[in-house]
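The values are calculated or read from the model by the stated rules, or taken from the named source; none is laboratory data. What you are looking at is a predicted structure, and each value in this text was computed from that prediction instead of being measured. Ideal geometry is used to build each Cβ from the backbone, glycine not excepted, and the neighbour counts take in all protein chains shown.
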Amino acid sequence: MSPAPSSRRLLPRRGLRTPREELAEATTHGHVYLHGLQRAQLTLSLLALIAFGAIFGVLPVAIYLLPGLARVRLLQVPIGLWIVVVPMLPAFVAIGWLYARRADALDDSFREAVER
């Protein structure tokens with residue numbers, strides 16, 4: 001007859017380990033989990049950098065290539081300056097907001113994988 005369930009000793013399971021255990025023990029699999037997270041974060045950062053560079057690198061080039069904009073003024077300020085300065089704040093806010101939102105989603109998905 002087998003012992004009662006309360007008197008059984010729980011044995012540690014062998015072979016299968018959770019991602020949390022893999023990370024805590026710094027195993028090769030834990031390194032793979034961290035490397036995946038770091039890679040996703042780096043990709044996101046590079047995309048944000050490219051977006052900033054594309055938006056703010058093109059505006060001064062456009063002003064340089066269109067010299068007639070230097071003569072046009074709006075409220076005594078050259079229109080070229082308006083084109084460079086005004087779109088920057090909304091673009092900074094939008095790209096920053098999207099970056100933060102996506103970074104939080106990456107962290108949440110990693111946390112969910114580790115807590116399984």
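Points to keep in mind about this one:
- Contact annotation: residue pairs with Cβ atoms under 9 Å, 6 or more positions apart or on different chains, pairing a residue in the range 104-116 that is more than 14 Å from Gln38 (Cα to Cα) with a partner that is surrounded by 12 or more Cβ atoms within 10 Å (Cβ to Cβ) and among the hydroxyl-bearing types (Ser, Thr, Tyr), are Ala113/Tyr33; Val114/Thr18; Val114/Tyr33; Glu115/Thr18; Arg116/Thr18.
- Just one of the numbered conditions (1) under 30 Å from Gln38 (Cβ atoms); (2) under 21 Å from the mean Cα position of the chain (by Cα) is not true of Gly57: (2).
- Total residues in the range 66-90, condition closer than 24 Å to Ser45 by Cα and either at pLDDT 85 or above or of a type in the set (S, T, N, Q) (or both): 1
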